[in-house]
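The values are calculated or read from the model by the stated rules, or taken from the named source; none is laboratory data. Not measured: the values here are computed from a predicted model. Neighbour counts run over all protein chains shown; Cβ positions are idealised from the backbone, glycine included. Ligands, DNA and RNA are stripped out before the accessible areas are found, and what is left, the full protein with its side chains, is counted by its heavy atoms. Shrake-Rupley method; radii C 1.70, N 1.55, O 1.52, S 1.80 Å.
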Amino acid sequence: MREKWNSRYLAKGDRRRKVPGYIKEQSDQWGAGKALDLGAGDGAASLFLAANGWAVTAVDIADQGLKRLSLFAAEDGLEISTYCFDLDAKEWPDLGSFDLIVISHFKPEHSLWHRLPALLNKEGRLVLTSFNLEHHRNKGFSERFCLAPEEFAQCDGLQLVEYKSIIRDGDFMDDYCFQKL
């Protein structure tokens, strides 16, 4: 898996990804604090959050993605901590606790999903925005990586604040926002 993603990032050149729409839309409601970007890749969400006052930790399986993120952060005068490891691993480094966890364009395994509340501070937010099954039906994107309707609507210790299926910039997305109880 790591090799596949590394080769994709190596082929991208200096082109940056767009900030995930839901994160951009909701960010003014979150204030600032410590944020964790899971499956960060080359850091569109991380860079946006750091530029808006967040202390960001980015995690991804692809070291080439994280190298690109670090390069972009340096160009923008931002500091972002990065960790390269598989999110499905049983053991994780001690990342601390966070006021916000974001997952964008990545479908977490359910075992990962249920680990996340323990990483949130009291009243912290967990945001998931990713492609849904309509994206598969309309664009041919792999069904395996698409969210089923309300697939992640339940998570122990978290209250669902918002869930919506939406077409954004031609992509079929599911957006979730939770708050820790």
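Key figures
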item	result
The chain: calculated mean residue ellipticity at 222 nm from DSSP helix runs of at least 4, using -39500 (n - 2.57)	-7000 deg cm²/dmol
Matching label, Rg and Dmax of the Cα atoms in Å computed from the structure shown, candidates (1) 16.2, 57; (2) 16.7, 51; (3) 15.4, 42	(3)
Check: the chain dipole with +1 on Lys, Arg Cβ and -1 on Asp, Glu Cβ, in debye	380 debye
Accessible area expressed per residue, the chain, with surrounding protein chains retained (probe 1.4 Å, Å²)	51 Å²
Pairwise FRET efficiency - Leu160 versus Leu10, Cβ, R0 = 41 Å, nearest 0.05	0.60
Calculated FRET efficiency for the pair Asp88/Lys67, C-beta based, R₀ 25 Å, to 0.05	0.70
Helical segments meeting 24 Å axial Cα length and Kyte-Doolittle -0.5 threshold in the chain (DSSP H)	none
Largest to smallest accessible area among Leu120, Leu10, Leu160 [probe 1.4 Å]	Leu10, Leu160, Leu120
Extreme residue, positive dipole direction of the chain, given options Trp92, Trp113, Ala11 (C-beta unit charges)	Ala11
Extension gain from Asn138 to Leu95, taking 0.36 nm per residue of separation minus the Cα-Cα distance	11.7 nm
Most mobile listed residue (Val56, Val161, Val102) in the chain, GNM with C-alpha springs under 10 Å	Val161
Cα-based shape type of the stretch 27-103, given that a ≥ b ≥ c are square roots of the gyration tensor eigenvalues and the cut on a/c is 1.5	oblate
Which of Arg15, Arg125 is most accessible, then next, and so on - probe 1.4 Å	Arg15, Arg125
For the stretch 107-181 versus the stretch 1-32, the gap between their alpha-carbon centres in whole angstrom	16 Å
